[in-house]
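J.: Sharing a structure, written as structure tokens. Questions coming.
The values are calculated or read from the model by the stated rules, or taken from the named source; none is laboratory data. Quick caveat, the model's predicted, so the values are computed rather than measured. Ideal geometry is used to build each Cβ from the backbone, glycine not excepted, and the neighbour counts take in all protein chains shown. To get the accessible areas, we keep the full protein, side chains included, count just its heavy atoms, and leave off ligands, DNA and RNA. Shrake-Rupley method; radii C 1.70, N 1.55, O 1.52, S 1.80 Å.
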Amino acid sequence: MTKWLRLTLPGLLLCMHGCSYYSFSGASIPAHLATIAIPIAEDQSTSPLTVLDESLTELMIDRFVRQTRLTLTEDETDADILLTAQITRYSNAPTSVTGQERAQYNRITISVSAQYANQVDGDVLERTFSGFDDYDPLEGGLEAEEAAALAALENIADDLFTAATSNW
């Protein structure tokens, strides 16, 4: 065995071992965790939009299942990780007003309370996340409001994923 190979082989093996729980998305999931349950998010807000709970759930599944090696399971009690979320606040308020006292842009702000329970180790992490996006109410109406709400949820799902995979 050449001297170069003798020196680099242990380093390569160490790197390969480290990749067993690290993904290229930057997510660090301990190797002993394999399954995750993500029940449908609860919408406890006063939002006029009926798609927020399902949209947030799909975004969380996208991040935790498609960007990690975790497998989705419906069995909440048997899952290694249980991720729950409640949409606690929804607001739609003007951010700028024209000279005619009309809202030129509205801002959708959404708050989500999330709980990340590592059911193998017994660790439970809770945190509130908030996201927002602006839209023009004169041009898009309810469709523009829904698009802004979904953009706010995208930001929340990104922040939640980053926090959970970097030990909150």
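J.: Ignoring any ligand, DNA or RNA, what whole percent of the accessible area of region 51-159 comes from carbon and sulfur when the probe is 1.4 angstrom? Let's see the in-between values first.
T.: Details: 2460 of 5800 Å².
C and S fraction of accessible area: 42 percent.
J.: Students often check this: by mean Cβ neighbours within 10 Å, which of 117-124, 157-164 ranks highest, and how do the rest follow? Don't jump to the answer; show the numbers that get you there.
T.: On the way: 117-124: 13.8, 157-164: 19.1.
Per-residue Cβ counts within 10 Å, averaged per peptide and sorted highest first, yield 157-164, 117-124.
J.: With a point put 7 Å past each Cα toward its Cβ, work out how far Glu76 is from Ala163 in nm, to one decimal.
T.: About 2.0 nm separates the two model spin labels.
J.: I want to check the label-to-label distance for Arg69 and Gln104. Put each point 7 Å from Cα in the C-beta direction and report it in nm to one decimal.
T.: 5.2 nm
J.: What distance in nm lies between label points placed 7 Å from Cα along the C-beta direction at Asp62 and Thr46?
T.: It works out to 2.9 nm between the two label points.
J.: Still on this structure, please answer the following. Only sites in a loop by DSSP and with at most 15 other Cβ atoms within 10 Å count here; which GluC sites (Glu not before Pro) in region 77-168 make the cut?
T.: Working: sites: Glu101, Glu126, Glu139, Glu143, Glu145, Glu146, Glu154; in loops: Glu101.
Hits after loop and neighbour filter: Glu101.
J.: Counting only the heavy atoms of the protein chains, how much of Thr128 is accessible to a 1.4 Å probe, in Å² to the nearest 10?
T.: 90 Å²
J.: Which order do Thr68, Thr88 take when ranked by solvent-accessible area (1.4 Å probe, heavy atoms of all protein chains), largest first? Don't skip to the answer; put the middle values down first.
T.: Details: Thr68 20, Thr88 65 Å².
Solvent-accessible surface, decreasing: Thr88, Thr68.
J.: Something else now. If you filter region 64-153 for trypsin sites (Lys or Arg not before Pro), then keep DSSP loop positions with at most 12 other Cβ within 10 Å, what is left?
T.: Values: sites: Arg66, Arg69, Arg89, Arg102, Arg107, Arg127; in loops: Arg69, Arg102.
Loop-located and lightly packed - Arg102.
J.: Pull out the extension gain between Thr88 and Asp121, defined as 0.36 nm times the separation in residues minus the alpha carbon to alpha carbon distance; nm, one decimal. Numbers along the way, then the final one.
T.: Working: separation 33, 0.36 × 33 = 11.88 nm, distance 2.78 nm.
Taking Thr88 through Asp121 to full extension adds about 9.1 nm, to one decimal.
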